[in-house]
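Trainee: Below is a structure I'd like to ask you about.
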Amino acid sequence: MTYTIGQIEDLTGVKAHVLRYWEEVVPGFTPRKDMSGRRLYSQREVDLILRLKYLINEKKFTAEGAGRQIIEEAQTAQNNSELINQIREARQLLTEMYLIVKKNESSAEAEASEN
């Protein structure tokens with residue numbers, strides 16, 4: 001499943017201009033683009049964005065420092081790959097459920113405003 005930059009803003013609370021900046025300074029953070037040049041984010045990028053947000057906002061890393069920290073963590077994580085895969089699968093499922101709930105809320109609000 002892929003997400004648009006708008007969906008990523010809703011899911012993570014990180015603004016589009018910040019995401020574009022992180023693309024420039026964080027190694028390995030490069031969402032693919034469709035034929036029109038729009039960014040499409042995978043679950044891997046969602047996980048990376050959430051980790052970057054935590055490191056920058058909570059741990060007070062710079063964007064560059066957070067990128068280096070993530071690289072170090074990735075090297076260590078190879079030993080814990082099965083657990084990480086389970087966490088990613090759970091996070092993806094939760095993200096999909098969140099988007100379904102948001103869509104249903106929007107539909108319900110639209111119906112309520114029509115009545």
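The values are calculated or read from the model by the stated rules, or taken from the named source; none is laboratory data. No experiment lies behind these values; they were computed from the predicted model shown. No Cβ is skipped: glycine too gets one built from the backbone with ideal geometry, and neighbour counts run over all protein chains shown. In case anyone asks, the SASA skips ligands and DNA or RNA and just uses the protein heavy atoms, side chains included. Shrake-Rupley method; radii C 1.70, N 1.55, O 1.52, S 1.80 Å.
Trainee: Could you tell me whether residue 103 is open to solvent by 100 Å² or more (accessible area, probe 1.4 Å) and not in a helix (DSSP H, G or I)?
Mentor: no
Trainee: Being of a type in the set (Gly, Ala, Ser) and open to solvent by less than 50 Å² (accessible area, probe 1.4 Å) is true for just one of 74, 66, 112. Which residue is that?
Mentor: Going through 74, 66, 112 in turn, the sole match is 66.
Trainee: Something else about it: Looking at the stretch 39-59, is at least one residue hydrophobic (A, V, I, L, M, F, W, C) and over 16 Å from the mean Cα position of the chain (by Cα)?
Mentor: No.
Trainee: Condition test on residue 72, is it assigned to a helix (DSSP H, G or I) and closer than 22 Å to residue 56 by Cα?
Mentor: Here the answer is yes, as residue 72 does meet what is asked.
Trainee: Filter the stretch 25-45 for residues that are modelled with pLDDT under 95, closer than 24 Å to residue 92 by Cβ and among the aliphatic types (A, V, I, L, M) and give the result.
Mentor: 26
Trainee: Further question on the same structure: Just to be sure before I move on: is residue 12 over 21 Å from residue 56 (Cα atoms) and under 12 Å from the mean Cα position of the chain (by Cα) in the structure I sent?
Mentor: no
Trainee: Return yes or no: is residue 30 among the β-branched types (Val, Ile, Thr), open to solvent by 70 Å² or more (accessible area, probe 1.4 Å) and over 15 Å from the mean Cα position of the chain (by Cα)?
Mentor: No.
Trainee: Here's a follow-up. Considering only residues that are in contact with a Gly (Cβ under 8 Å, 6 or more places away or on another chain) and not charged (D, E, K, R), look in the stretch 39-63 and name the one that is farthest from residue 26 (Cα to Cα).
Mentor: 55
Trainee: Does residue 9 meet the test of being in a helix (DSSP H, G or I) and surrounded by fewer than 12 Cβ atoms within 10 Å (Cβ to Cβ)?
Mentor: no
Trainee: I'm trying to understand the selection: among the residues of the stretch 33-44, which are touching a Leu at 6+ places or on another chain (Cβ under 9 Å) and open to solvent by 20 Å² or more (accessible area, probe 1.4 Å)?
Mentor: Passing the criteria: 33, 34, 39.
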